[in-house]
Amino acid sequence: MRDKPLDLTKEQRVIKSPRQIQELAFKLRSQGDSIGLVPTMGALHEGHLSLVRAAREENKAVIVSVFVNPGQFGPHEDFNSYPRNLEQDTQLALRAGADLIFAPAAADIYPDGYQNFVAPGPLAQGLCGAKRPGHFRGVCTVVLKLLQLTAASRAYFGQKDAQQLRVIQQMAKDFDLEAQIKGLPIVREADGLALSSRNIYLNEEERQQSTILFQSLRLAQDLIAAGQRETNTISRQIKQHINQAPLARLDYLEIVDWADLQPLKQLTGQILIALAVYFGATRLIDNIILDA
Ligand code: AMP
């Protein structure tokens with residue numbers, strides 16, 4: 001049995017006040033305990049829980065933040081309908097090894113008079129950044145605040161949001177943040193669909209066709225394994241494949257260098273193939289990182 005850094009009841013493990021979590025976090029750090037942070041927007045699934053378990057392995061205390069961050073949603077996106085269930089999230093997170101759930105209100109994170117936002121650089125410009133203006137500004141701002149409030153030694157992110165991972169790694173480097181940024185593999189359903197809190201929006205038919213994202217990434221992987229290095233050819237084949245799902249509407253497909261996220265004509269080194277596909281109003285993303 002791991003030793004628990006905090007002797008608290010279940011109710012005491014859910015903290016809403018930023019000042020309270022910060023006080024507790026500073027106390028833990030001052031007594032030499034490491035803290036792992038798993039930032040989430042809730043509606044927790046096995047993808048999130050894989051991050052919690054990794055944090056559990058490496059830190060004395062684990063904080064899971066549950067915050068649907070208004071700052072990272074566009075005006076016509078799903079902020080209002082985003083699934084929220086703090087009671088269930090708390091149970092799942094605690095069971096997976098979290099010590100504390102930090103679930104602040106938006107007004108506590110962005111109080112009246114709030115003024116400052118992180119302006120992310122070129123890594124945030126392409127891919128999802130191009131399709132969701134302001135998204136990474138919102139993500140970086142909230143992650144920076146969460147790292148400050150939880151005094152995290154390490155913070156855990158999924159490769160599911162690959163661009164987010166790179167953007168945050170760069171922010172941590174540029175701002176000399178203490179927290180180590182960790183990226184973990186994508187957790188998928190048995191048929192390949194990447195787990196996402198948004199998958200519940202899909203109707204039965206859309207759910208069936210949603211496997212097209214992973215299938216098309218596998219197709220690209222096979223082409224590359226067979227020696228194909230022309231981005232145009234791979235892109236064309238992926239697009240043709242996605243067109244076979246009548247309900248799928250491609251938002252973007254990008255084949256980029258994993259380090260700088262810039263488009264590649266010829267594949268070399270570590271590459272990221274990332275795509276976003278709409279099924280009705282539901283936007284799904286997926287990606288694969290490969291050594292070409
Ligand atoms: P979200 O709640 O969607 O903001 O996600 C919180 C964290 O969980 C992010 O770092 C995501 O990349 C990660 N995550 C979401 N889905 C998955 C998944 N299927 N596999 C691994 N990590 C995931």
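In the stretch 233-292, with Lys and Arg counted as +1 and Asp and Glu as -1 at Cβ, which of these residues, Ile234, Tyr278, Leu267, has the Cα nearest the positive end of the dipole, that is, farthest along it? Checked the options; the winner is Tyr278. Taking every pair of alpha-carbon atoms in the stretch 115-197, give the share separated by more than 17 Å as a whole percent. Of all Cα-Cα distances in the stretch 115-197, 49 percent exceed 17 Å.
Helix 231-243 axis versus longest C-alpha principal axis of the chain: approximately 80°, rounded to the nearest ten. The Tyr278 and Gln169 beta-carbon pair, evaluated with R₀ = 30 Å, returns a calculated FRET efficiency of approximately 0.60. Projecting the Cα atoms of His135, Ser34, Gln72 onto the charge dipole of the stretch 1-153 (Cβ charges, centred on the Cα centre) puts Ser34 farthest toward the positive pole. Decide, for the stretch 148-292, between rounded, prolate and oblate: order the square roots of the alpha carbon gyration tensor eigenvalues as a ≥ b ≥ c, take rounded if a/c falls under 1.5, and otherwise choose prolate if a/b is larger than b/c, else oblate. Taking the square roots of the gyration eigenvalues as a ≥ b ≥ c, the stretch 148-292 is oblate. Here the 3J(HN,Hα) profile of the stretch 272-284, calculated from phi with Karplus coefficients 6.51, -1.76 and 1.60 at θ = phi - 60°, is 10, 10, 10, 8, 10, 9, 8, 10, x, 8, 8, 9, 10 Hz, Gly and Pro shown as x. Sorting 71-78, 143-150 by their mean Cβ neighbour count within 10 Å, with the most densely packed peptide first, gives 143-150, 71-78.
State the Kirkwood hydrodynamic radius of the stretch 23-167 in Å, one decimal place, computed from all pairs of distinct Cα atoms.
The Cα-based Kirkwood calculation yields 15.8 Å.
A 1.4 Å probe run over the protein chains yields, for the chain, 48 Å² of accessible area per residue, whole-number rounding. Here's the picture: charge each Lys and Arg Cβ at +1 and each Asp and Glu Cβ at -1 in the chain, and of Ala248, Ala124, Leu44 the one pushed furthest to the positive end of that dipole is Ala124.
Restricting the calculation to alpha carbons of the stretch 233-292 gives Rg and Dmax of 12.2, 35 angstrom.
So what is the diffusion coefficient of the stretch 199-276 in µm² per second by Stokes-Einstein at 20 °C and 1.002 mPa s, using a Kirkwood Rh over Cα pairs?
In µm²/s, the coefficient is 162.
Peptides 13-22, 262-271, 30-39, 58-67 ordered by packing proxy, namely the average of other Cβ atoms within 10 Å per residue, highest first: 58-67, 30-39, 13-22, 262-271. Compared with the dominant principal axis of the Cα atoms in the chain, helix 46-58 is inclined by about 50°. Distance distribution note for the chain: the fraction of Cα pairs above 24 angstrom is 53%. In this structure the amide hydrogen of Tyr252, modeled in the peptide plane, comes within under 5 Å of the amide hydrogens of Ala276, none closer than 5 places in sequence on its chain.
Here the peptides 275-287, 222-234, 249-261 are ranked by packing, the mean other Cβ count within 10 Å, and the order with the highest first is 275-287, 249-261, 222-234.
Determine the dipole magnitude for the chain: charges of +1 sit on the beta-carbon of Lys and Arg, -1 on that of Asp and Glu, nothing else is charged, the reference point is the Cα centre, and the result goes in debye to the nearest 20.
Value, rounded to 20: 160 debye.
What is the angle, in °, between the Cα long axis of helix 86-95 and the longest principal axis of the Cα atoms in the chain? Nearest 10 is fine, range 0 to 90. Result, in degrees: 90. Mean residue ellipticity at 222 nm, helices only, the chain: -11000 deg cm²/dmol; runs of at least 4 DSSP H residues each add -39,500 (n - 2.57), and the sum is divided by the number of residues. Counting protein heavy atoms only, the chain has 48 percent of its accessible area on carbon and sulfur, 1.4 angstrom probe.
The values are calculated or read from the model by the stated rules, or taken from the named source; none is laboratory data. These numbers come from a predicted model, not from an experiment. FYI the Cβ positions are ideal-geometry reconstructions off the backbone, even for glycines, and counts take in every protein chain you see. Heavy atoms of the whole protein, side chains included, go into the accessibility calculation; ligands, DNA and RNA do not. Shrake-Rupley method; radii C 1.70, N 1.55, O 1.52, S 1.80 Å.
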